[in-house]
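To start, the structure itself, in structure tokens.
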Amino acid sequence: GNSVTQMEGPVTLSEEAFLTINCTYTATGYPSLFWYVQYPGEGLQLLLKATKADDKGSNKGFEATYRKETTSFHLEKGSVQVSDSAVYFCALSDSRDKIIFGKGTRLHILP
Amino acid sequence: NAGVTQTPKFQVLKTGQSMTLQCAQDMNHEYMSWYRQDPGMGLRLIHYSVGAGITDQGEVPNGYNVSRSTTEDFPLRLLSAAPSQTSVYFCASSVAAGGDRSEAFFGQGTRLTVV
């Protein structure tokens, strides 16, 4: 079956550092891929998505590229801010099944 | 835009009590789902519905019931609360269950404590 594996946290960085959160997936078809963000005390909200190979999703300075050859969808940001502190979830969905979430990665940004 | 509305935001129950967590969405989404979020466990799917009158079990359905009498509402019932049900519960909705229209919209969550 489909599955998502993302790096375990917490990840702690200083402000303005470069961020990478790794996400790999297993799927039999051609899934859509998502990154969700959960700020403290809130529900998840969509950060970005990509629906086919080589697509790049981007939002709020975050980017992720759908790499079918490596089955990956790593989240990156060039310069993080304290306000980026949150939990980040990688997810996938194909037309035959429900959306599946990774376990989440907690990110702490130090001023 | 209301989106997905969950009530209550916080609840404390005694073991054995029952209660209903409410979820309503105003986006005319067919697919709705309930998750629980526990430390280190990510999100686990409890029940889901692909449309009014249709529900099905997710990964952790025991101790919970759902119904979907309208497109808008998808309440989650705890039949006899147990301390193991202490968690944060999220309701979500989307246009479709899977594929590129499965972008999920989440409620703010209900933090439930069972003592």
Problem - Farthest toward positive dipole pole in chain A [+1 Lys/Arg, -1 Asp/Glu at C-beta], among A:SER93, A:TYR36, A:TYR66 - result: A:SER93
Completion exercise
Checking B:PRO83, B:PRO61, B:PRO75 against a Gaussian network model of chain B (alpha-carbon springs below 10 Å), the top fluctuating residue turns out to be B:PRO83
Practice task
Please build a GNM for chain B, connecting alpha carbons under 10 Å apart, and tell me which residue among B:ARG44, B:ARG101, B:ARG68 fluctuates the most.
Solution key: B:ARG101
Completion exercise
Accessible-area order for B:GLU72, B:GLU59, largest to smallest, probe 1.4 angstrom, reads B:GLU59, B:GLU72
Practice task
Leaving ligands, DNA and RNA out of it, work out the accessible area of A:MET7 with a 1.4 Å probe and give it in Å² to the nearest 10.
Solution key: 60
Fill in the blank from the handout: Given unit charges at Cβ for Lys, Arg (+) and Asp, Glu (-), the dipole magnitude of segment B:8-71 about its Cα centre in debye, nearest 20, is 260
Handout entry: Cβ-placed point charges (K, R +1; D, E -1), dipole of chain A about Cα centre in debye, nearest 20
Key = 300
Problem - Surface/4 estimate of mean projected area, convex hull on alpha-carbon atoms of segment A:52-111, nm² - result: 5.0
Problem - Accessible-area ranking of A:LYS103, A:LYS98, A:LYS49, largest first, probe 1.4 Å - result: A:LYS103, A:LYS49, A:LYS98
Practice task
Enter the per residue convex hull volume of the protein assembly as shown, computed from alpha-carbon coordinates, in Å³ rounded to the nearest integer.
Solution key: 118
Problem - Kirkwood Rh in Å, taken over chain A so that all alpha-carbon pairs contribute - result: 13.9
Completion exercise
Measuring from its Cα centre, the protein assembly as shown shows a charge dipole (+1 at each Lys and Arg Cβ, -1 at each Asp and Glu Cβ) which, in debye to the nearest 20, is 460
Fill in the blank from the handout: For segment A:61-72, Karplus-derived ³J(HN,Hα) couplings (6.51, -1.76, 1.60; θ = phi - 60°; whole Hz; x for glycine and proline) come out as x, 8, 9, 8, 10, 6, 10, 6, 5, 10, 6, 10
Practice task
Towards the positive end of the charge dipole of chain A, with charges on Cβ (+1 Lys, Arg; -1 Asp, Glu), say which of A:ALA27, A:THR12, A:THR105 has the farthest Cα.
Solution key: A:ALA27
Problem - Whole-Hz couplings from phi, Karplus 6.51/-1.76/1.60, listed for segment A:21-30; x for Gly and Pro - result: 10, 7, 9, 10, 9, 10, 7, 7, x, 10
Exercise for the section: Give the residues of segment B:3-32 whose amide nitrogen is closer than 20 Å to a point set 7 Å from the Cα of B:ASP56 in the direction of its Cβ. Expected result: B:29-32
Exercise for the section: Pairs of Cα atoms under 8 Å, at least six residues apart: use those to get the relative contact order of segment B:1-96, whole percent. Expected result: 36
Problem - Normalised convex hull volume, chain B, alpha-carbon set, Å³ per residue - result: 94
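The values are calculated or read from the model by the stated rules, or taken from the named source; none is laboratory data. Quick caveat, the model's predicted, so the values are computed rather than measured. Cβ coordinates were reconstructed from backbone atoms using ideal geometry, including for glycine residues, and neighbour counts include every protein chain displayed. What goes into the accessible areas is simple: the full protein's heavy atoms, side chains included, and nothing from ligands, DNA or RNA. Shrake-Rupley method; radii C 1.70, N 1.55, O 1.52, S 1.80 Å.
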